[in-house]
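Peer 1: This is the structure I want to talk about, given as structure tokens.
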Amino acid sequence: MTDLVRAPGPVVMGVLNVTPDSFSDGGRYADLDAAVGHGVRLRDAGAHLVDIGGESTRPGAERIDAATEIDRVLPVIRELTAAGVVVSIDTSRARVAEAALAAGAAVVNDVSGGLADPDMARVVRDARCPWVLMHWRGHSRAMRDLAVYTDVVADVRAELTQRIDAALAAGVAADRLVVDPGLGFAKTAAHNWELSARLPELLDLGYPLLFGASRKSYLGRLLAAPDGTPRPTAQREAATVATSVLAIAAGAWGIRVHDVRATVDALAVWTATGGPRLARPPHEQVASRDHEQEMQ
Ligand code: PMM
């Protein structure tokens, strides 16, 4: 079966936050039916993966405990995987990842790149699932103070290399790893733009790269009103699509977006004008959902 990490075309990850407080969709999918319905819609719109998060990572967010995080995500994962949706779990806790994988999640999306929980590498190694290692320097409350770099691209590259080396040393297979620059995580708007402009230096690491710009505040600031008021999150879609397509055109493996249809449409245009063909959604690639066979 086609391996997601080695997918021939751009991988689209749709965002589904089952949190009361995420910056863009917080509170909208706290109810199980609403969350499952939205996950299915994301898949039907062309998402290869639906990324389920139970804890907000927005700057300044308060942490919740692992049991609460598990209670939020597990029923959604169970129902979506039963409906044939391929799910990633957006967590930096090994306990949550382990429970999510047991409930049917196929990918671990770890915004801490393995830093937040020393047990995460073991969980991922044993599950032999893909692991997104995002660049991260600290939890939400500390994030703003940590946005200090000599050269943001060189520093992010070096810190991602450390995370890759740690994952490999823990026995995680290299072909399971995906890296992510972590836009907005201990990054100013200028840092995000610099990372976007110099993506080839991160692609040079030799790992598939996931790019998550969707609706983030630096886009709101770019599109601010003349009085400086940032563009509201719901009106950052065209900018999200533009940054996502530029990242894919630069060689990114995948993008993480809230509005899947807009991005898939834009990628179709890119494909029609010469970009590599889009990977088919996994529900077309995969006859039956068997992670042991499909995700290795
Ligand atoms: N951004 C958010 C959450 N999870 N995961 C990855 N891999 N990359 C990201 O950029 C990223 C992420 C930010 O919050 P949101 O879920 O509200 O978009």
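Peer 1: Keeping all protein chains in place, calculate the accessible area per residue for the stretch 2-295 (probe 1.4 angstrom), answer in Å². Mind dumping the intermediate values first?
Peer 2: Working: 11920 Å² over 294 residues.
Solvent-accessible surface per residue comes out at 41 Å².
Peer 1: Could you calculate the FRET efficiency of ALA142 with ALA82 from 1/(1 + (r/R0)^6), where r is the beta carbon distance between them and R0 is 45 Å, rounded to 0.05?
Peer 2: 0.75
Peer 1: If you don't mind, another one. Specify the residue with the greatest mean-square fluctuation among VAL124, VAL152, VAL257, computed from a Gaussian network of the chain linking alpha-carbon atoms under 10 Å apart.
Peer 2: VAL152
Peer 1: Magnitude of the Cβ-charge dipole of the chain, K/R +1 and D/E -1, about the Cα centre, nearest 20 debye?
Peer 2: The calculated dipole for the chain is roughly 440 debye.
Peer 1: If a helix is a whole DSSP H run, which ones in the chain reach 24 Å or further along their own axis (Cα) and hold a mean Kyte-Doolittle hydropathy of at least -0.5?
Peer 2: 152-169
Peer 1: Sticking with this structure for a sec: Go ahead and set up a Gaussian network model of the chain, Cα springs under 10 Å, then flag whichever of GLY212, GLY114, GLY171 fluctuates most.
Peer 2: GLY171
Peer 1: Right, next: I'd like the carbon and sulfur percentage of the solvent accessible area for the chain, probe radius 1.4 Å, heavy atoms only, ligands and nucleic acids excluded.
Peer 2: Using a 1.4 Å probe with all protein chains present, the chain comes out at 52 percent carbon and sulfur.
Peer 1: Which residue fluctuates most in the GNM of the chain (Cα springs below 10 Å): VAL179, VAL85, VAL264?
Peer 2: VAL264
Peer 1: Out of the stretch 21-100, which GluC sites (Glu not before Pro) are coil in DSSP terms and have no more than 15 other C-beta atoms within 10 Å?
Peer 2: Details: sites: GLU55, GLU62, GLU69, GLU79, GLU98; in loops: GLU55, GLU62.
Here the sparse-neighbourhood loop sites are GLU62.
Peer 1: Next up: What is the distance in Å between the Cα centres of the stretch 147-172 and the stretch 201-247?
Peer 2: 22
Peer 1: Here's another thing I want to ask about it. Taking a ≥ b ≥ c as the square roots of the Cα gyration tensor eigenvalues, with a/c under 1.5 meaning rounded and otherwise prolate when a/b beats b/c, else oblate, which class fits the chain?
Peer 2: rounded
Peer 1: Suppose a student asked you for the relative contact order of the chain, using Cα pairs under 8 Å spaced at least 6 residues apart; what percent would you report?
Peer 2: 21
The values are calculated or read from the model by the stated rules, or taken from the named source; none is laboratory data. Remember, it's a predicted structure, so these values are computed and weren't measured experimentally. Heads up, the Cβs are rebuilt from the backbone with ideal geometry, glycines too, and the neighbour counts pull from every protein chain shown. Just so you know, the surface numbers come from the protein's heavy atoms only, side chains and all, with ligands and any DNA or RNA stripped out. Shrake-Rupley method; radii C 1.70, N 1.55, O 1.52, S 1.80 Å.
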